[in-house]
Amino acid sequence: MMPVNVFPSTGTILQCLGCRWQEGLAYRRSRSLQTRLTLSITYCIVVATFVRAAPEQSPNPLVEIQSVLRGQQDAWNRGDIDGFMNGYSRWQSTVFVSEDEVRRGWETVRERYRVKYSDRAKMGTLSFSESEVTMLSPDTAVVLGRWHLKRANDEPHGRFTLIFKHLPEGWRIVHDHTSAAPPTK
């Protein structure tokens, strides 16, 4: 099998457009209006195909994932559970595992947070630390880290493992496994 270059050279493109290359300048020969329109339309279709086929990938997934986590932390510390939930995918298949229970669906996870953290005192101040982002593919990452709540009477803390997926709306959590460390005395 012989490799074939499917991308035309500059000279070939100019020739198809009715131009001639001479001493570093392109000169246009006269072509019929129908030929020019056909070539222009064909060119637009080819360019649109390549532009559309290119996957929309963020410039730096690690920075964007860290930004989602910072946004969640900031929303939590404002008492904004809905803002915190913006970090999660709104899919029915979104998974949250904690306290020996598996919850599925964005609404279910949101309701769990609303019930468990029904007021600012229960929410406390959240901080994430030791976040390690590992890219599994161009559109999937796993994040391992620590969470810590500072409240008036206690400071619960633990670890989390999150699976992020790059979706049309950006990087979102599709799977969250969070565990709490035993209370310190």
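The values are calculated or read from the model by the stated rules, or taken from the named source; none is laboratory data. None of these values were measured; they are calculated from a predicted model. Backbone-built Cβ (ideal geometry, glycine too); neighbour counts: all protein chains shown.
Sort out which residues of the stretch 84-107 are exposed (fewer than 15 other Cβ atoms within 10 Å of the Cβ) and either of a type in the set (S, T, N, Q) or closer than 21 Å to Lys150 by Cα (or both), and write them in order of number. Correct list: Gln92, Ser93, Glu99. Just one of the listed residues (Arg146, Arg112) is assigned to a helix (DSSP H, G or I) and surrounded by 13 or more Cβ atoms within 10 Å (Cβ to Cβ), namely Arg112.
Within the stretch 168-183, can one find any residue that is closer than 25 Å to Arg78 by Cβ, of a type in the set (D, E, K, R) and part of a strand (DSSP E or B)? Yes, there is a match, as at least one residue in the stretch 168-183 is closer than 25 Å to Arg78 by Cβ, of a type in the set (D, E, K, R) and part of a strand (DSSP E or B). Do we have Ser179 as over 21 Å from Thr108 (Cβ atoms), surrounded by fewer than 16 Cβ atoms within 10 Å (Cβ to Cβ) and modelled with pLDDT of 95 or more here? Here the answer is no, as Ser179 does not meet what is asked. Taking the stretch 115-142 as the range and being under 23 Å from Pro182 (Cβ atoms), of a type in the set (A, V, I, L, M, F, W, C) and in a strand (DSSP E or B) as the test, the residues that pass are Leu126, Phe128. Each residue in the stretch 164-185 was checked for being within 16 Å of Ser131 (Cα to Cα) and under 11 Å from the mean Cα position of the chain (by Cα), and 4 of them qualify. Report yes if Leu126 is closer than 23 Å to Val63 by Cβ and crowded, with 16+ Cβ neighbours inside 10 Å, otherwise no. Yes.
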